[in-house]
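Structure, as structure tokens:
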Amino acid sequence: MLLSISSFYVASQSYKSLSKDSISYSTLLSLKEYTYSWEDAENINYYEGNDDEFSEYVFFFNDGNSLSLSENGYIKKLKFMIIIKAEDLNIKMENIDKD
């Protein structure tokens, strides 16, 4: 029982969030939260998935940190927002095939 409670607590502390104004995340086993404006993104790599895996976005920020987001159903709905933000702010966005 204690193991399941502690596992739930650790998992609940990890999150990733995209909004029209910011990108935020916290990683597993870390108490640090990161919040960036879209202007803090230097470039975005988009790795095209194949039939059995999701595509993936990797955001690279001006402080050297990066964030990976699998293009699940929720992120897929935000695809055009990501593309438009990158275009509006002149963020380099590169499509890369996964091998």
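Across the range 78-84, coupling constants 3J(HN,Hα) worked out from phi with the 6.51/-1.76/1.60 Karplus curve, θ = phi - 60°, read 9, 3, 5, 4, 4, 4, 5 Hz, and Gly and Pro carry x. Within the accessible surface of the chain, defined with a 1.4 Å probe on protein heavy atoms only, the carbon and sulfur portion equals 52 percent.
Along the axis of the charge dipole computed for the chain (Cβ charges of +1 for Lys and Arg, -1 for Asp and Glu, origin at the Cα centre), the listed residues Leu89, Ser22, Asn62 are led at the positive end by Ser22. Calculated mean residue ellipticity at 222 nm for the chain: -7500 deg cm²/dmol, from DSSP H runs with n ≥ 4 weighted as -39500 (n - 2.57), summed, divided by the residue count and rounded to 500. Compared with the dominant Cα axis of the chain, that is its longest principal axis, helix 2-12 is turned about 20°.
For Cα extents along the principal axes in Å, the candidate list reads (i) 86, 31, 17; (ii) 106, 17, 11; (iii) 48, 33, 23; the entry that matches the value derived from this model is (iii).
At 1.4 Å probe size, with every protein chain present, just tell me what the per residue accessible area of the chain comes to in Å².
Values: 6880 Å² over 99 residues.
For the chain, the solvent-accessible area averages 70 Å² per residue.
Take the Cα of Ser17, step 7 Å toward its Cβ, do the same at Glu53, and the gap between the two points is 3.0 nm.
The values are calculated or read from the model by the stated rules, or taken from the named source; none is laboratory data. Keep in mind that this is a model prediction, so the values were computed, not measured. Using ideal geometry, Cβ is built from the backbone for each residue, glycine included, and neighbour counts are taken over all protein chains shown. Accessible surface is based on the protein model in full, side chains and every heavy atom, while ligands, DNA and RNA are left aside. Shrake-Rupley method; radii C 1.70, N 1.55, O 1.52, S 1.80 Å.
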